[in-house]
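The values are calculated or read from the model by the stated rules, or taken from the named source; none is laboratory data. Values in this document were obtained by computation on a predicted structure and should not be read as measured data. FYI the Cβ positions are ideal-geometry reconstructions off the backbone, even for glycines, and counts take in every protein chain you see. Heads up: the accessible areas ignore ligands, DNA and RNA and are worked out on the full protein's heavy atoms, side chains in. Shrake-Rupley method; radii C 1.70, N 1.55, O 1.52, S 1.80 Å.
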Amino acid sequence: MHIELNRKGSKSLPRQICDAVGYRISSGLLERGVRLPSVRSLAVDLKVSQVTVSKAYAELEKRGLIRCEQGLGCFVAEAEEKKGHEETGWSGKYTDYLPRAQLWRNFNYSEVAYPFHLAAIHSGSLPLGHIGSMMATLVTQQPELMATYGKFQGDGELRDVMSTHLQERGIQVSSSEVLITSGAQQGIDLVARTFVGPGDTVYLEAPSYTGAIDVFAGRGAEMIFVPMDSEGMRVDILTRLCDQRPPKLIYTNPTFQNPSGVTMSMRRRQRLLELARSYRCLIVEDDPFSDLYFRMPPPPSIKSMDTGGHVVYLKSFSKVLAPGSRIACVAAGGNILSRLIAAKTASDLGSPLLTQRAVLPFISKKYNTYTEQLRISLRNRMEKAAKLLKQLAPPGVKWVLPDGGLNLWLELPPTADIMKLHALAERNSISFLPGDVCYSGDSRSTHIRLCYSQMPEADMEEGLRRFLALLSEFLKQ
């Protein structure tokens, strides 16, 4: 088992080992019942003392993640049917470099009847017919596109359209400053692989997007989570933390934040940019939801105020058009962008040209009208979900209604066992996102995320009724 240790970091070695193994267990990378490496062998592999590994295993056992048996070893917990001597053959002992894969685990509930866990828009609300028709036309009339490698930076026409799209939203970039990626997730990954190394300090909102946490964990970053309030990330706290540990990168989802739904105020956005200038670091501004406001448009993006090239701006289009198309753009300048293009080239030789051409006409001519209609639909869904919460939520459950986006962030009473509730909901064919996965390490959250846009509207209402009834009974126990 490979674990990247930062021997000069603020976190102790036992804690780093404990967190790394804990990530693998919660992500499903270590299966239930599997035997862990012995204290001796892991100590040799990691070049640490056996006492260090013993402390890590003791903490894992205290958390209930593993069980240790005298003379037999330590095993991943909660696998009664496999208890004792589970082996996985040679492949189970084959070293990997995945410290965490929570995003993969979060998508693994496709069989439930009421999937509230996935932040997505129901297919019936997406313009799949338009994009599918364009895809069919391209395949029949320009089949050579399927035999063509596109430009590594992305199709020139699509970059023109996207730069115009961003300019309309106050972000003054040319098409030469835009990179097409296979979804915003790839954009996060490219930034991390290019600019973040083991031990580098990355600041994120608490809570934060699970997929970003996975990526930064994979780079061996020292992640520090900054609390939020109603105005977003507490920049005053971030400033004090940066004085102690200067940032290499700050990741933020400032508009209808995933998972909390909070929108960062204009004042905080300005202060965050000033901080990045002061420390000469990058801000990664992840912006999938800013077009999905319910009443008033959100504050201008941080990138729109950036004159020094400190902001790498990520804009997902597939999220609101056709998730299977995997289309997003990265806006950055100069040497930062050129290095991201180099990383993109090494990653996949450029995004598929056929897909880029298929979404181009819709983004160019129909996107704004479409999102106006989508905003009305999403607001209606949110209000129906809010009405049900007000009528049926048990005492002690709290929430703040978002001004846009796709999610509700519920706070449960501190005595609620979220993971037991999660298992109970799954047995009743209901899924939600536990708040724990929106942090790293041993953070225990009393929150859950529910997406109100992923199902047909009637199913969303019925599923929410069932979940709130289940939650009421659960909290009485």
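Between HIS2 and GLU473, what length in nm is gained on full extension when 0.36 nm per residue of separation is reduced by their alpha carbon distance?
Working: separation 471, 0.36 × 471 = 169.56 nm, distance 4.30 nm.
Between HIS2 and GLU473, full extension yields 165.3 nm more.
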For GLN391 and GLN70 in the same chain, what is the full-extension length gain: residue separation times 0.36 nm, less their Cα-Cα distance, in nm? 110.3 nm
Between GLU111 and SER429, what is the label-to-label distance in nm when each label sits 7 Å out along the Cα-to-Cβ direction? 1.2 nm
With 10 Å bins from 0: P(r) over the chain, alpha-carbon pairs, percent: 4, 19, 28, 27, 17, 5, 0
Mind jotting down the distance between the C-alpha centroids of the range 211-278 and the range 353-388, whole Å? 28 Å
Just list whichever of LYS315/LYS366; LYS319/LYS420; LYS62/LYS420; LYS11/LYS47; LYS11/LYS55; LYS8/LYS47 have alpha carbons separated by over 20 Å in the model shown. LYS319/LYS420
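Quantify, in whole percent, the carbon and sulfur part of the accessible surface of the range 350-477 (1.4 Å probe; protein heavy atoms only).
Details: 2850 of 5740 Å².
Result for the range 350-477: 50 percent of the exposed heavy-atom area is carbon or sulfur.
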For the full complex of protein chains and a 1.4 angstrom probe, list ASP417, ASP155, ASP243 by accessible area with the highest value first. ASP243, ASP417, ASP155
In Å², rounded to a whole number, the accessible area per residue of the chain with probe 1.4 Å is 44 Å²
Helix 156-168: inclination vs the chain longest Cα principal axis, degrees, rounded to 10, gives 90 degrees
In nm, to one decimal, how far is the modelled label at ASP45 from the one at THR239, with both set 7 Å along Cα→Cβ? 4.5 nm
Taking the full set of protein chains and a 1.4 angstrom probe, give the accessible area of CYS68 in square angstrom, rounded to the nearest 10. 50 Å²
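For THR307 and GLN373 in one chain, what is 0.36 nm times their gap in residues minus the Cα-Cα distance, to one decimal in nm? Let's see the in-between values first.
On the way: separation 66, 0.36 × 66 = 23.76 nm, distance 3.36 nm.
Gain on extension, THR307 to GLN373, equals 20.4 nm.
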Projected onto their principal axes, the Cα atoms of the range 254-304 stretch, largest extent first, over whole-Å spans of 35, 18, 17
For an R0 of 35 angstrom, estimate the FRET efficiency from the Cβ-Cβ distance between TYR149 and LYS365 and round to the nearest 0.05. 0.85
Roll a 1.4 Å probe over the protein heavy atoms and report the accessible area of LYS303 in Å², nearest 10. 20 Å²
Relative contact order for the chain, counting Cα pairs under 8 Å that sit 6 or more residues apart, in percent: 19 percent
In degrees, nearest ten, helix 184-195 long axis to first principal axis of the chain (Cα): 70 degrees
What accessible surface, in Å², does a 1.4 Å probe find on ARG444, ignoring ligands, DNA and RNA and rounding to the nearest 10? 150 Å²
Mind pulling the angle between the C-alpha long axis of helix 367-392 and the longest principal axis of the chain? Nearest 10 degrees, somewhere in 0 to 90. 40 degrees
Can you tell me the Rg and Dmax of the range 217-261, counting just the alpha carbons, in angstroms? 11.5, 31
Using just the C-alpha positions of the range 221-354 as equal point scatterers, what log10 of I(q)/I(0) does the Debye formula give at each q in 0.14, 0.15 1/Å? -0.70, -0.80
